[in-house]
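Written below as structure tokens is the structure these notes are about.
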Amino acid sequence: MIKSIKKAYNLLRFKARDLKTRKKRSSKWTKLQKDFLEKNPVCALCGGTERLNVHHKKPFHLYPELELDENNLITLCMGDKDCHLVIAHGNNFSYYCSNIDLYIKQYKLGSKTFKELSVLAKKERQK
């Protein structure tokens, strides 16, 4: 029950994340997001296919010029593992983790477990 409430709370925070930024999204963002998910239809970390999001490796609020740069995008899920929240944001959407590519590589190679990465992401998260 508590996990479900926490998940719902974090999902609401995710949906409202752009309200805090003064920078406006490009009118091209919605289409780019849809097209990117069609080209990249699985979570880059766990391989999940449910509740996929497009994540900016370098966050939009700090690097608005990279908003539409596909090299700055990655597909992550908000499914069972919550890869987007737990790994890319260190379990808090107010932060971001700059090592997402390294974390994915370590997970795929088997050198780090999901739990180990979640601890690392929480320690290394940045505003």
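Backbone amide hydrogens, once placed in the peptide plane, bring residue 73 within less than 5 Å of 57, excluding anything fewer than 5 places away on its chain. Note on residue 62 and residue 105: the extension gain reaches 13.0 nm, defined as 0.36 nm multiplied by sequence separation minus the Cα-Cα distance. Pairs from the table (34/112; 24/112; 57/108; 28/123; 23/127; 58/115) lying more than 27 angstrom apart at Cα are 34/112; 24/112; 28/123. Computed on the Cα atoms alone, the convex hull of the stretch 50-127 gives a volume of 86 cubic angstrom per residue.
Model label points for residue 49 and residue 72, set 7 angstrom from Cα along the Cα-to-Cβ axis, are 3.1 nm apart. Extending 7 Å from Cα along the Cβ direction at residue 113 and again at residue 80 yields two label points whose distance is 1.6 nm. Here the label points at residue 95 and residue 26, each 7 Å from Cα along the C-beta direction, are separated by 3.0 nm in the simple model.
A short reminder: the numbers here are calculations on the coordinates, not readings from a lab. A quick note: this is a predicted structure, and the numbers were derived from the prediction, not measured. For neighbour counting, all protein chains shown are included, and Cβ atoms are generated from backbone atoms with ideal geometry for every residue, glycine included.
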